[in-house]
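Every number here is computed from the coordinates shown, using simple stated rules; none is lab data. Given the structure is predicted, the values throughout are model-derived calculations rather than measurements. Backbone-built Cβ (ideal geometry, glycine too); neighbour counts: all protein chains shown.
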Amino acid sequence: MKIVIIGAGKVGHKLAQQLAKEDHDIVVIDIDPKATSVLANSEDVMCITGNAAEYDIQVEAGVKESDLVIACTDSDELNMLCCLLCKNHGAAKTIARVRSPEYIKQMRYISDAMGLSMFINPEMEAASAISRVLLFPAANSVETFAKGKVELVEFTLDETNPLVGKSLKNIHRTYSNNVLLCAVQRGEDVFIPDGDTVLKKADRIYVASSRQNIHDFFSEIGILMTPVRSVMIVGGGKLGYYLALRLIKRGIKVKVIEQKQTRCDELSDKLPELIVIKGDGTDQELLEEERIAGYDAFVSLTGMDEINIILSLYAKSRNVGKAISKVTQIDFTDMLMDLGIESAISPKDITANSILSYVRALHNSRDKSKVESLSFLVGGKVEALEFRVIGNDDFLNVPFKELITTKGCLVASIVRGADIIIPGGNDCIKKDDDIIIVTTNSQINSLQEIFKVKPQ
Amino acid sequence: MNFKMIRNIIMKLMMAEGILLILPLIVAVIYNEKEWKVFAAISAVLIIGGLLLGDRRVKGNTRIFAREGFFIVGMTWVLWSFFGCLVFYFSGVLPTLVDCFFEMVSGFTTTGASVFITVADVPKSVLFWRSFSHWVGGMGVLVFVMALIPLAKNRSMYIMGAEVPGPVAGKILPKAGATAKTLYLMYFAMTMALAAILAFGGMPIYDALCNAFGTAGTGGFAVRDGSIGSYGNPFYEIVIAIFMMLFGINFNIYYYLMNRKIKDAVKNTEMWTYFAIIASAITLITVDIIGMYTSLGHALRDAFFTVTSIISTTGFGTANYDLWPNFSKTIILLLMILGGCAGSTGGGIKIARVVIIAKAMRRELKKLVHPRLVQVIKIDGKRVDDKAISGVFVYMLFYVVIMFVSCFLVAIDGKDLMTSISAVISCLNNVGPGIGDIVGSVGNYSTLSAFSKIVLTIDMLIGRLEIFPVLLLLSPGMWRLKGADW
């Protein structure tokens, strides 16, 4: 596909990098010559320096023949303007990054008026990612599939975990089998486990099933699933607002510490249930005064990555059950894990990943296979794909034990109507099922590539 | 330095040369020359060696950066020239390895400076290889391979940027591989068009092909003593002169024309400057030499051919310009330094750099009058950022220093001043002929000492690769395997 990316910031850079790797023709437009020259040197993309709302620049970038335009500059207005102009110029689809709550409120109206195919709000996406983790405090991250029926939960094995030292076969025999362990990250390696894989301490494992089944599994292995009832947030920016909004809706007590008086007023005005504290979140005295140790979870969302990390470490030291930090610039996520911060959320990464999933799904739908959605796990090393079975392929209604599955692919679960099936050898795929596949092979586009019937 | 990746890429490139050697092999078979054994042997060594030494898949770190890009480009050009020159050595047409290497580098860098006293008794297949090297070297040997196979995935811009001439390497398509392919297709089409026109005009097909290679790469090796002038055919001269001029233009312009983006093609400042320089040089030289000719037409034709031949750094000859007045010779020397446009197959310092320098100098003069002046330098309506401008100045500084050092080294030989200076300028700018009785338009480089030839060989490489890849090859920091670099 021919894709034009407007804005070569962190999101634009990541999109360009990943999409160029997937063999799309990428043109990146940015007004800053430094940003474009860095990108032009490191990735196989074409870069144009200039304002993307200019007609000449759009002509130069070939917007007319493009399949997709993604606007992810800092400015909402510029993004929307570029999308509107590009759409009129001939771009097939447009995606705009929009973050201001005022626009978000009426996004449906704006999308219609501008012909946007998708809009993405980094703060809102990040807020929903954080709230998913808070509902599963033992998890590092949670992805949902099949309209929320299936969840994919990531968590770290500590030394006290009963799963440590056991092979998958063993686990299979010991516990009820309503969940599927579908990926393991050990150090920098990521692999899809088989029956003989033995789990080790500090492995990060991915478990798929319905929420209830995962809950049951967690309590079975002795991980406490006390739901979070109270959350302390430092930093009352847009992300803080969206998060507080979501949590309050679920009846969780939320306290926000924010430094700016005007922002405090706004927050208190919009969310009356919220406890707003005006003060410096990095002040230890203040945190103690507001009884940080009494909270179930702590989320640091200030503009400084370093402060967020330190605050989370402090919260951990004060025995807060779950600490989450926003990390925007720093790439050393592996190192953060060593420090004991399992949940680091980067709004920019989340934004880039959502757009990438959209592009993958769009690209695949052109090829008539049916990827419904796609998620990147473990920093993009593993993908979870959701397919809807529509055709009449020969692998339908054939038990898995009689199918050959492509290496590196695993059927994580099958959604049939309201049921969730954790597949075993005797299960089979039927028409109209939703299938969730976990794979280390990023080239998979269709179910036909995954399953072959064993020759008799 | 990621030596695994470097070795992998260089071995692929060496195999590519082995495959290209099959072409002269075919020529040798057609003309029933015994040199086919030489081509077959070298080709086999390169292909088998490449297969054995290059691991197909590099495990682990496949990242390369700017320095690896420079290193690969520099190293490849040296190795290609070395293995290519073995053709001359083993077919016995040149006495020493230094001569062979000089001739081959002269071929790949599209210089066209020769150490052959006469080419009359040289086998046709060997001359074909010599001319063909111009064609491959003109657009770039790595770009050629990149057009066919992916070399370094997303990092290929580092390689392309180091080989394509000009201050800033631009892409015409989002993917480096597709860009290389498009460039080579246009290049191939134009070369074949030229060969067809020449053959149509009555030139033997072998000569037409070799001369087309020499013109397209702006090289200048001819297959006859006395270059293009020896045919004594005005039609050939005019056709070749026009094509020499065309090959000195940035190839992006042909891409724009192909896609009917006339506006983009026409607004190119560099191209118009190039045409203006050609027009004024032709006028001045014609006026200067008119007294020596019986008709204006002939004077104009010789001036046109010589000017396009020199500014595009081809170096074909029809008239012996050493007989012309000093004023004309000075213009020729200046044209040698200017060279063609960025992104063309021509050498020299490139018109783009001259335009940038002229604009920057004007800005500095204005700054003397208005000390707080802020002025943005624009080319083709686009801003040239200060980093690029200072890059051009640094380039010029290196260029001048290298020129002085080379002149100094070549002067040891004891030839006259004009010979030493023009030989260095001619080689450094990939032109070919110099000025004077020894290296002038009817002379050759055979009487120079081996030391001078080595210096000039390095100059040719420096000129073609625009200084930095060659200089980095010589810097010790590049070769450090471990620890901090400096």
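A few comments on the model shown:
- Projected label distance in nm at A:Asp280 and B:Leu365, using a 7 Å step from Cα toward the beta-carbon: 5.8
- Note, ³J(HN,Hα) from phi for segment B:94-105, Karplus 6.51, -1.76, 1.60, rounded to Hz, x at Gly and Pro: 10, x, 10, 5, 4, 4, 4, 5, 4, 4, 5, 4
- Projecting the Cα atoms of B:Leu21, B:Gly84, B:Ile9 onto the charge dipole of segment B:1-99, computed from C-beta unit charges around the Cα centre, puts B:Ile9 farthest toward the positive end.
- Net charge dipole size for segment A:408-448 [Lys, Arg +1 and Asp, Glu -1 on Cβ; Debye, nearest 20]: 80
- Taking only the C-alpha atoms of the protein assembly as shown, the Rg (one decimal) and the largest Cα-Cα distance, Dmax (whole number), read 34.0, 107 Å.
- For A:Ile70, residues with placed amide H under 5 Å, excluding near neighbours: A:Val4, A:Ile5, A:Ile6, A:Ile95
- Under a model in which nothing but the beta-carbon of Lys, Arg (+1) and Asp, Glu (-1) is charged, the protein assembly as shown shows a dipole of about 600 debye around its Cα centre.
- Take every pair of alpha-carbon atoms less than 8 Å apart whose residues are at least six positions apart; their mean separation over the length of segment A:126-220 yields a relative contact order of 30 percent.
- Across segment B:438-452, coupling constants 3J(HN,Hα) worked out from phi with the 6.51/-1.76/1.60 Karplus curve, θ = phi - 60°, read 7, 9, x, 5, 10, x, 8, 9, 5, 7, 6, 6, 4, 4, 4 Hz, and Gly and Pro carry x.
- Value of [θ]222 nm, deg cm²/dmol, for chain B, DSSP H segments ≥ 4, -39500 (n - 2.57) each, nearest 500: -20500 deg cm²/dmol
- Counting only other chain Cβ atoms within 10 Å of each residue's Cβ, the peptide B:172-181 averages 4.
- The Rg/Rh ratio for chain A, using Cα coordinates for both the radius of gyration and the Kirkwood hydrodynamic radius, is 0.98.
- Cα-centred dipole magnitude for segment B:262-373, charges only on beta-carbon of K, R (+1) and D, E (-1), debye, nearest 20: 780
- Computed over the Cα atoms of segment B:279-370, the ratio of the radius of gyration to the Kirkwood radius (Rg/Rh) comes to 1.10.
- Additional length obtainable on full extension of the chain from A:Ser230 to A:Lys431, 0.36 nm per residue less Cα span: 68.0 nm
- Pair A:Lys105, B:Thr294: separation of 7 Å Cα→Cβ label points (nm): 9.4
- Unit Cα scatterers, Debye sum, segment A:360-453: log10 I(q)/I(0) for q = 0.18, 0.19, 0.20, 0.25 Å⁻¹: -0.78, -0.88, -0.98, -1.51
- Note, ³J(HN,Hα) from phi for segment A:40-54, Karplus 6.51, -1.76, 1.60, rounded to Hz, x at Gly and Pro: 5, 7, 9, 10, 8, 9, 9, 10, 10, 9, x, 8, 5, 7, 7
- Candidates A:Asn308, A:Val254, A:Asn353 compared by Cα position along the dipole of segment A:231-366: farthest toward the positive end lies A:Asn353, with charges placed on Cβ.
- Rounded D (µm²/s) - chain B, Kirkwood Rh over Cα pairs, Stokes-Einstein at 37 °C, 0.692 mPa s: 144
- A cut-off of 5 Å between modelled amide H atoms, ignoring neighbours fewer than 5 places along the same chain, links A:Val254 with A:Val231, A:Ile275.
- Overall dimensions of segment A:1-115 as given by Cα atoms, namely Rg and Dmax in Å: 13.2, 40
- Only helical runs count toward this figure. For chain A, summing -39,500 (n - 2.57) over DSSP H runs of n ≥ 4 and dividing by all residues gives -10000 deg cm²/dmol at 222 nm.
- Per residue of peptide A:19-28, the mean number of Cβ atoms on other chains within 10 Å of the residue Cβ is 2.
- Plainly put, segment A:1-55 has a radius of gyration that is 0.93 times its Kirkwood radius, both from alpha-carbon atoms, as the Rg/Rh ratio.
- Compactness relative to 2.2 N^0.38 Å, alpha carbon Rg of segment A:126-220: 1.04
- Averaged over the residues of B:381-389, the number of partner chain Cβ atoms lying within 10 Å of the residue Cβ comes to 2.
- Amide H contacts of A:Phe298 (H built 1.01 Å from N, in plane; Pro and chain starts excluded): A:Met232, A:Lys322, A:Ala323, A:Ile324 sit under 5 Å, all sequence-distant by 5 or more or on other chains.
- Segments A:285-298, A:42-55 sorted - mean Cβ within 10 Å per residue, highest first: A:42-55, A:285-298
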